[in-house]
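Computed from the coordinates by the stated procedures, all read-outs in this text should not be read as laboratory data. Just so we're clear, the structure is a prediction, and the values are computed from it rather than from any experiment. We place every Cβ from the backbone using ideal geometry, glycine too, and count neighbours over all the protein chains shown.
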Amino acid sequence: MSAKSWLRLSSSHAAAIGLTIVLLVVIGGGVGPWLTGSPSAMDGRAFCPPGPGCLLGSDDLGRDMLARVANGARVSLLVGVAAAAVSAILGVVVGALAGFAGGRVDEFFMRVAEAFQIVPQFFLAILVVALFGPSLTKIVLVIAILSWPSTARIIRAEFLKLRDQDFVAAARLAGASRGALIFGEILPNALPPVIVNASLQIASAILTEANLSFLGLGDPDQVSWGQLLFGAQPFLNQAWWMAVFPGVAILLATLGFNLLGDGLNDILDPRQRGRSD
């Protein structure tokens, strides 16, 4: 982003807060596990309350909650970013083909997108994960496959708006191929709203993984925030911190990505740029 874009981002309090939260979560997920140690180490006192001895307390097996929340950040962020990336790729490909080709191709892809959108997505995710077994890879793929239609519709709308612009017509007259028109001329100008949507989808994917894990459908071999909530259910009255700290982490991460998405929308939306300039 340009210096002017960073200035607009920093001038928005909500966007600045969102960016700060996201950076803290990313740093916590990247560096935290190295500083806090193994999340599986049972070398503490069971149900140790938060305090100087164990900052965020410990669980029923004496495992440090700070280490587990830090490691959960890495897994939850991995699911969120990977699912949003796969969803964006699928949506961009489908939306670009539909918007550029038009006609029956556009009609076909949009009907497919509508079919995905009318299905209750979370219940379908529960069904797929329950049938094929829980793993991070399957959870990422399920979330991505269920969430690509929104990106496809955004890209399609941008292609319909841009494909008849003068710069595209000039490239076509110069002999540019369809691939060059799609990927070299139109797509770079259609990506800004996709970037905004991707940041919002990261937050949605983190929430979906947490919901699946809370229902016992998360990867049992991975420590994610949702998995921590699942493990805390039997001890809510005895050890409130086992549920509160992972829940606060989910709240802050999703809030940060949503605020950052709003800030990016203010920066990348041409109408917003025109007002601020």
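Note on 161, 138: ascending count of other Cβ atoms within 10 Å places them as 161, 138, the fewest first. Only Lys, Arg, Asp and Glu carry charge here, each on its Cβ (+1 for the first two, -1 for the last two); on that basis the stretch 78-236 has a dipole of about 300 debye about its Cα centre.
By the count of neighbouring beta-carbon atoms within 10 Å, fewest first, 104, 45, 156 end up ordered 104, 45, 156. When a/c is below 1.5 the answer is rounded, else prolate if a/b is larger than b/c, else oblate, so apply that to the stretch 191-245 with a ≥ b ≥ c taken from the square roots of the Cα gyration tensor eigenvalues. It comes out prolate by the Cα gyration axes.
Would you mind classifying the stretch 145-184 by shape? Square roots of the alpha carbon gyration tensor eigenvalues, ordered a ≥ b ≥ c; an a/c under 1.5 is rounded, otherwise it is prolate if a/b is larger than b/c and oblate if not. Oblate shape, in that a/c is at least 1.5 and b/c is the bigger or equal ratio. Across the stretch 199-206, coupling constants 3J(HN,Hα) worked out from phi with the 6.51/-1.76/1.60 Karplus curve, θ = phi - 60°, read 5, 6, 6, 4, 4, 5, 5, 4 Hz, and Gly and Pro carry x. Residues whose amide H lies under 5 Å from that of residue 58, counting only those 5 or more places away or on a different chain, are 47, 48, 65; hydrogens are built 1.01 Å from N in the peptide plane. Each residue of the stretch 153-159 is assigned a 3J(HN,Hα), and the resulting list reads 5, 5, 5, 4, 4, 5, 5 Hz, derived from the Karplus form 6.51 cos²θ - 1.76 cosθ + 1.60 (θ = phi - 60°), x at Gly and Pro. Separation of the stretch 62-135 from the stretch 136-169 is 12 Å, based on Cα centroids.
Phi angles of the stretch 67-78 translate, via the Karplus equation with coefficients 6.51, -1.76, 1.60 and θ = phi - 60°, into HN-Hα couplings of 5, 6, 5, 5, 5, x, 4, 5, 5, 5, 5, 4 Hz per residue; Gly and Pro are given as x. Taking square-rooted eigenvalues a ≥ b ≥ c of the alpha carbon gyration tensor, is the stretch 126-277 rounded, prolate or oblate, where a/c under 1.5 means rounded and, failing that, a/b exceeding b/c means prolate? Since a/c reaches 1.5 but b/c is at least a/b, the shape of the stretch 126-277 is classed as oblate.
Of the residues 214, 112, 76, the one whose Cα sits farthest towards the positive end of the charge dipole of the chain is 112 (charges of +1 on Lys and Arg Cβ, -1 on Asp and Glu Cβ, taken about the Cα centre).
Test of understanding: what is the full-extension gain from residue 38 to residue 161, defined as 0.36 nm times their sequence separation minus their Cα-Cα distance? My answer for the length gained is 39.1 nm. Put in order of Cβ neighbour count within 10 Å, fewest first, the listed residues 36, 208 become 36, 208. Value of Rg to Rh for the chain, rounded to two decimals, is 1.06; Kirkwood radius and Rg both from alpha-carbon coordinates.
Farthest toward the positive end of the dipole of the stretch 55-206, out of 145, 199, 123, is the Cα of 145, where the dipole comes from beta carbon charges about the Cα centre.
Only the Cβ atoms of Lys and Arg (+1) and of Asp and Glu (-1) were treated as charged; on that basis the dipole of the chain about its Cα centre amounts to roughly 500 debye. The stretch 13-110 has equivalent-ellipsoid semi-axes of 44, 16, 10 Å, by the square roots of 5 times the alpha carbon gyration tensor eigenvalues, sorted largest first.
Taking Cα atoms only, the orientation of helix 121-132 departs from the longest principal axis of the chain by about 70 degrees. Kindly express, to the nearest 10 degrees and within the range 0 to 90, the angle between helix 13-36's C-alpha long axis and the longest C-alpha principal axis of the chain. For 13-36 against the chain, the angle is about 50 degrees. Using Cβ point charges alone (K and R +1, D and E -1), the dipole size of the stretch 135-189 about the Cα centre works out to roughly 220 debye.
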